[in-house]
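Student: The structure is given below, and queries will be raised subsequently.
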Amino acid sequence: MPENMGSPASNGFLKQNNTLFIRILIISFLSCIPDRTNLCSNLSLATQAVQTKSTSSSNIPFSLETLTLDGYFSFENTHHAAKDFGNTNHFHPSAILYPKSVSDIFSTIKHIFNMGSTSALTVAARGHGHSLQGQSQAHQGVVIYMQSLKEPRMKIHTGELPFVDVSGGELWINILHETLKYGLSPMSWTDYLYLSVGGTLSNAGISGQAFHHGPQINNVYQLEVVTGKGEVVTCSEKQNADLFHGVLGGLGQFGIITRARISLGPAPKMVKWIRVLYSEFSIFSRDQEHLISIENSFDYIEGFVIINRTGLLNNWRSSFNPKDPLLASQFNSDGKILYCLEMAIYFNPDENNIMNQKTESLLSELSYIPSTLFLSEVSYMDFLNRVHLSEIKLRAKGLWEVPHPWLNLLIPKSKISKFAQEVFGNILKDNSNGPILIYPVNKSKWNNKTTFVTPDEDIFYLVAFLSSAMPSSTGKDGLEHIMTQNQKILNFCAAADLGIKQYLPHYHTQEEWRDHFGPHWELFVKRKSTYDPLAILAPGQRIFHKAIPFL
């Protein structure tokens, strides 16, 4: 289980002798970086104990109530801000800010910054709360509910280089709806659209278009950011570039994104959606790598692993049609590990013949099992919003708000076969508790100036274990079993020296974070010291701790 670094220590701890208390303070002081920002350490529970004492003694709600805001604070009913999609960490804040303007956000952060080391108060920006390990939570701090931010209003600019200006709290699904009215849309997406702009840009924003357009952080022209010092900064490639690159993929450590200018392109009306199966991983990965390397390929390429799924093709018939119904009916998937290659071509109705020719040409270059070719045609909106349909079904069954111990890894191309052999052939050979995505992307499409780190190869794979745990279960579908399974995967990767990186990373110690960022760690720490020197922002990431007040 992850270390609950944000939870308060027991009262018994605070009653220990003064010698231990002083030792903790001294050790914490020695671990400070410039401007009193503490790095993550194994003393998290002790640190939180002292922070808890500090917070309770500084009358935080009264202090915040003195601020003049367009929005408001809530000091009651804060329990929903102690929960996220992962549903495994629950850190209660002292207050929730519902901002109506950017000034609400910078006034709050400036106020907390000016309190200096007399307060352990921290701030977390919360979009749609889709974090997995409490990253959008702030233990006894302030959670900013970004969806209530009313400025700037979404504004779409057409022309030679079209773009949309949106609030950092805006959801991607709303951007899609509005831009389609102009025949435009963003070019890079996540698979799930009910996420906030600030949330995905603070991570990367990856899906099946990334091999072509790069992640979402590659498709941003400009940002407005509120730093940990309460400063409002407009930044881009040419203006305040260090902060611009730092915030993109920066896990919320350097500032809160309050506005983003996102590039747009022509939006198609329709999508040809295709699925084929493979029984050999080597052939499956070879075809994936081929498709992302050629010109004029599919517009979307992903894949997923299918473990012990009975009657798989019958489940697809509600939305896909088999190319050869007779052959498809004879295919037996029982007891096999299969690999699905999922592809899409975007088109307009008057391009139907060209689209079909292109589809046939590209498919002829692949070596999938012929009887497993399934096709569908859907609207562009329905394709991009496909995961929401699954959400509706799961909510109806009470299976959406359950623990989601997801594990997302980036794996170098040279090591993916070794990874697949051990993980799919041994660790997970009997069962899986949710979808397992796997697809390659080109590093050449990624901006290496952003904070986001990738494996040291030109092509790497995203492998996402999107598990759901059944509440109260002690079996293979229970949280403890899935977490143990995830740890086995991580242990294997470490022992085999695969050179992986975590996507949506979660680590326990400073050493692990240092290893994650590698040669970029010093720059990461420097940026933290520059833009958030008191470590006020994004405490749920557990990279830095706010300096302990000396009382």
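The values are calculated or read from the model by the stated rules, or taken from the named source; none is laboratory data. These figures come from a predicted structure and were not determined experimentally. Please note: Cβ atoms are built from the backbone with ideal geometry, for glycine as well, and neighbour counts cover all protein chains shown. Calculation scope for accessible area: heavy atoms of the full protein, side chains included, ligands and nucleic acids excluded. Shrake-Rupley method; radii C 1.70, N 1.55, O 1.52, S 1.80 Å.
Student: Along the Cα-to-C-beta direction of Leu394, a point sits 7 Å from the Cα; which residues of the range 459-473 have their amide N less than 20 Å from that point?
Tutor: Residues 462-473 qualify, since their backbone N sits under 20 Å from the label point.
Student: Oh, and also: Once you have the Cα-Cα distance between Ala495 and Ile427, take 0.36 nm times their residue separation minus that, and quote the gain in nm to one decimal.
Tutor: 23.0 nm
Student: Then there is this: Going 7 Å from the Cα of Ser282 along its beta-carbon direction, which residues of the range 389-429 have the amide nitrogen within less than 18 Å of the resulting point?
Tutor: 413-426
Student: Efficiency by 1/(1 + (r/R0)^6): what FRET value for Asp350 and Asp456, r their Cβ-Cβ distance, R0 = 41 Å, to the nearest 0.05?
Tutor: Calculated transfer efficiency: 0.35.
Student: Got a number for carbon plus sulfur as a percent of the range 110-165's accessible area, 1.4 Å probe?
Tutor: 48
Student: Subtracting the Cα-Cα distance from 0.36 nm times the residue separation, let me have the gained length for Lys238 to Arg386 in nm, one decimal.
Tutor: Details: separation 148, 0.36 × 148 = 53.28 nm, distance 3.68 nm.
Here the answer is 49.6 nm.
Student: Distance from the Cα centre of the range 483-509 to that of the range 279-302, in angstrom?
Tutor: Here the answer is 26 Å between Cα centres.
Student: Can you pull the percent of the range 230-363's accessible area that's carbon plus sulfur, 1.4 Å probe, other chains left in place?
Tutor: Solvent-exposed carbon and sulfur of the range 230-363 make up 46 percent of the total.
Student: Here is a further query. Give the accessible surface of the range 283-332 per residue, rounded to a whole number of Å², with probe radius 1.4 Å and ligands, DNA and RNA excluded.
Tutor: Counting only protein heavy atoms, the per-residue value for the range 283-332 is 51 Å².
Student: Any idea how far the Cα center of the range 336-409 sits from the one of the range 252-266, in Å?
Tutor: 27
Student: Taking R0 as 41 Å, what's the FRET efficiency between Asn315 and Asn448 from their Cβ-Cβ distance, rounded to 0.05?
Tutor: So the FRET efficiency works out to roughly 0.50.
Student: In Å², and per residue, what accessible area does the range 209-281 have when probed at 1.4 Å with the other protein chains present?
Tutor: With all protein chains present, the range 209-281 gives 29 Å² per residue.
Student: How many percent of Cα pairs in the range 463-551 exceed 22 Å?
Tutor: 45
Student: Further question on the same structure: For Gln487 and Glu360 in one chain, what is 0.36 nm times their gap in residues minus the Cα-Cα distance, to one decimal in nm? Numbers along the way, then the final one.
Tutor: Details: separation 127, 0.36 × 127 = 45.72 nm, distance 4.21 nm.
Taking 0.36 nm per residue and subtracting the Cα distance, the gain is 41.5 nm.
Student: Taking the range 353-423, which chymotrypsin sites (Phe, Trp or Tyr not before Pro) meet the DSSP loop condition and have no more than 16 other C-beta atoms within 10 Å?
Tutor: The qualifying sites are Trp400.
Student: Same structure, new question: Let me check against my output: what whole-number percent is the relative contact order of the chain, with C-alpha pairs under 8 Å and at least 6 apart?
Tutor: 19
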